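Peer 1: I have a structure I would like to understand better, so I am pasting it below and will then ask my questions one at a time.
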2 protein chains.
Amino acid sequence: MKTFIQKLDLHMKRTGSCLCVGLDTDYDKLPARSNNVHKSILDFNKNVIESTSDLACCYKINSAFYEKYGADGIFMLKHTIQYIGNSIPVILDAKRGDIGNSSWYYAQYAFDHLKADSITVLPYMGMDSLAPFFKYRDKQIFVVALSSNPGGRDFQDTPFYNPLYLRVIKKVNAAFKNAGFVFGATRPEYIKKLRNSGYKNLLLIPGVGTQGGDAARSMEYAFLNGGKAVFNISRGILYAGNGKKYYNTIREKAKEYRDMFRI
Amino acid sequence: MKTFIQKLDLHMKRTGSCLCVGLDTDYDKLPARSNNVHKSILDFNKNVIESTSDLACCYKINSAFYEKYGADGIFMLKHTIQYIGNSIPVILDAKRGDIGNSSWYYAQYAFDHLKADSITVLPYMGMDSLAPFFKYRDKQIFVVALSSNPGGRDFQDTPFYNPLYLRVIKKVNAAFKNAGFVFGATRPEYIKKLRNSGYKNLLLIPGVGTQGGDAARSMEYAFLNGGKAVFNISRGILYAGNGKKYYNTIREKAKEYRDMFRI
């Protein structure tokens with residue numbers, strides 16, 4: 001069984017790109033909806049995966065979009081991950097983080113039950129809340145450092161002389177090997193600062209596309225000084241289609257993003 | 001349909017106590033296990049609920065303990081909440097928090113799908129990540145401020161002159177009405193400080209019992225200056241039973257805690 005990083009490196013090489021396709025599938029925005037929500041979403045995901053699997057170095061699946069359907073949603077999640085298969089790595093975007101035992105069970109949910117290759121986690125509750133995830137050494141843990149939403153400024157970059165996100169990055173790097181970080185593209189100068197401070201961690205970068213982050217500068221900075229990153233695009237690809245050739249349009253859009261994120 | 005607070009007040013009055021019973025049910029620790037994990041856990045939960053429903057002013061259910069079983073676990077969660085019924089309020093301990101849309105779907109998971117009355121959330125991603133939860137005005141949102149685990153010290157109470165947990169409390173109170181906070185009992189002097197600063201928010205206090213928090217002092221401080229709180233006990237009750245009269249022993253233990261948390 002390959003590690004997340006081995007899978008990622010393979011598909012970065014194959015696609016020549018660090019594009020991550022985000023499967024934040026929203027029933028209300030689907031081009032074809034039957035009364036069977038479960039089937040409509042799964043069919044859509046399958047079509048998107050078929051249209052993009054040679055263009056994406058990984059997929060990110062947002063757990064919230066499926067959990068809202070309860071047990072049915074968890075089935076959809078699991079089937080979608082199975083459909084992607086064992087070759088292309090899957091990041092479960094779940095933003096979990098709780099005391100030890102609970103984090104341990106969230107890790108089991110992501111890795112043992114859903115068979116994801118990676119998870120996103122929140123560091124608010126401290127290092128012992130993250131430790132259980134890092135026990136899965138073949139998996140990739142992305143700790144949210146700096147998020148791309150406006151509220152990312154509320155706590156993460158205060159106080160200005162020693163911001164929380166940087167303390168998170170320092171502490172996580174001191175405690176765990178090979179941590180990844182979620183790091184928003186809405187503030188590219190922060191990515192530059194990070195790389196110039198010597199941090200080479202793999203970054204998962206959201207916020208390009210509909211959130212308006214600066215793709216070219218973020219790309220340049222993310223790969224500075226031996227750094228590596230994947231750039232997530234969700235809505236910008238999923239709902240780019242229209243008309244009868246919906247999935248052809250999606251594929252063309254994904255190609256544009258692949259080229260934007262050429263490595 | 002009653003609000004969380006109306007339900008809570010009713011059951012605080014009925015029980016004369018602010019004891020919250022935590023259903024963090026662990027299959028490996030059950031007194032009776034069949035090969036049917038689903039049924040074993042549900043039967044256990046039903047027995048615990050029957051043994052404690054006149055002693056607890058609310059129940060807390062830790063989502064992680066169920067999610068590890070995937071869709072099956074979500075069924076167990078939903079059935080357990082149905083079994084508790086509409087009278088006693090249920091807190092879904094889920095520690096969620098993501099950008100707007102995702103938080104919105106997590107809120108739907110808790111309130112529309114599972115029919116919980118309350119949820120715990122993490123504030124790391126800022127105020128816009130919390131806002132969707134607060135749109136459910138009849139529900140109670142508990143924002144994690146100060147957690148009871150050792151890692152609670154890593155980020156939450158730094159820097160010392162203006163700690164993160166206090167900035168969270170200030171910002172949340174400025175933005176939303178009737179917010180609750182998760183506030184660990186492992187540091188009672190912090191509860192006192194909070195009440196002496198004029199914050200009357202409803203607190204969800206874990207960390208008494210197996211985590212060793214000081215119950216008497218925490219109780220005294222939590223109700224200072226018009227404050228109100230519920231104290232959660234999970235393992236201290238669930239696994240207190242032994243032998244043939246397992247659930248009788250649980251009930252006796254729950255009575256002890258009810259008396260410890262008399263109001």
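Peer 1: Which of the aspartates and glutamates could a cross-linker span from B:Lys139 if the Cα-Cα distance has to be under 17 Å and same-chain partners fewer than 8 positions apart are dropped?
Peer 2: Of all the aspartates and glutamates, those that pass the test against B:Lys139 - Cα under 17 Å, at least 8 places apart if same chain - are B:Asp9, B:Asp93, B:Asp112, B:Asp117.
Peer 1: Taking the alpha-carbon centroid of each part, what is the distance from the range B:227-256 to the range A:152-192 in angstrom?
Peer 2: If we compute the Cα centre of each part, the gap is 41 Å.
Peer 1: Moving on. Contact order normalised by length for the range A:4-260, with contacts defined as Cα pairs under 8 Å and 6 or more residues apart; what percent is it?
Peer 2: Value for the range A:4-260: 19 percent.
Peer 1: Please check: in the Gaussian network model of chain B (C-alpha springs, under 10 Å), which one of B:Gly97, B:Gly151, B:Gly207 has the largest mean-square fluctuation.
Peer 2: B:Gly151
Peer 1: Note down the net charge around B:Tyr83, summing +1 for each Lys or Arg and -1 for each Asp or Glu among other residues with Cβ under 12 Å from its Cβ.
Peer 2: Summing Lys and Arg as +1 and Asp and Glu as -1 gives +1.
Peer 1: Neighbour counts of other C-beta atoms within 10 Å: give me A:Leu42, B:Leu77 arranged from fewest to most.
Peer 2: Arranged by neighbour count, lowest to highest, A:Leu42, B:Leu77 become A:Leu42, B:Leu77.
Peer 1: Taking the number of other C-beta atoms within 10 Å as the exposure measure, put A:Asp28, A:Asp214 in order starting with the fewest.
Peer 2: Listing A:Asp28, A:Asp214 from fewest to most nearby Cβ atoms yields A:Asp28, A:Asp214.
Peer 1: Right, here's the next one. Taking a point 7 Å out from Cα toward Cβ as the label site, list the nm distances between B:Arg137 and the same residue in every other copy, smallest first.
Peer 2: Spacings between copies for this position, smallest first, are 5.5 nm.
Peer 1: In a shell of Cβ-Cβ distance under 9 Å around A:His113, excluding A:His113 itself, what net charge do Lys and Arg (+1) and Asp and Glu (-1) give?
Peer 2: +1
Peer 1: Right, something else. Which whole-Hz couplings ³J(HN,Hα) result when phi for each residue of the range B:90-97 is put into the Karplus expression 6.51 cos²θ - 1.76 cosθ + 1.60, θ = phi - 60°, listed in order with x for Gly and Pro?
Peer 2: Calculated HN-Hα couplings, in order: 10, 9, 8, 8, 10, 6, 8, x Hz.
Peer 1: Calculate how steeply helix B:37-52 sits against the longest principal axis of the alpha-carbon atoms of chain B, using the helix alpha-carbon long axis, and give the answer as 0 to 90 degrees to the nearest 10.
Peer 2: 70
Peer 1: Against the longest principal axis of chain B, how steep is helix B:246-260, in degrees 0 to 90 to the nearest 10, with axes from Cα atoms?
Peer 2: 30
Peer 1: May I pose another question? Can you list the lysines whose alpha carbon is less than 20 Å from that of B:Lys135, not counting same-chain residues fewer than 8 positions off?
Peer 2: Leaving aside lysines fewer than 8 places away in the same chain, those within reach of B:Lys135 are A:Lys68, B:Lys2, B:Lys7, B:Lys95, B:Lys115, B:Lys170, B:Lys171, B:Lys177.
Peer 1: Once you put a point 7 Å from the Cα of A:Phe223 and another 7 Å from the Cα of A:Gln6, both along the Cβ direction, what distance in nm separates them?
Peer 2: 2.5
Peer 1: Continuing with this model, one more query. Given label points at 7 Å from Cα along Cα→Cβ, what nm distances, shortest first, separate A:Glu256 from the same residue in every other copy?
Peer 2: 6.6
Peer 1: Defining the label point at 7 Å along Cα→Cβ, can you sort the distances from A:Asp54 to the same site in each other copy, shortest first, in nm?
Peer 2: Inter-copy label distances (nm, one decimal, shortest first): 7.1.
Each value in this text was obtained by applying a stated rule to the coordinates, not by laboratory testing. What you see is a predicted model; the values in this text were computed from it and never measured. All Cβ positions, even for glycine, are placed from backbone atoms using ideal geometry, and neighbour counts span all protein chains on display.
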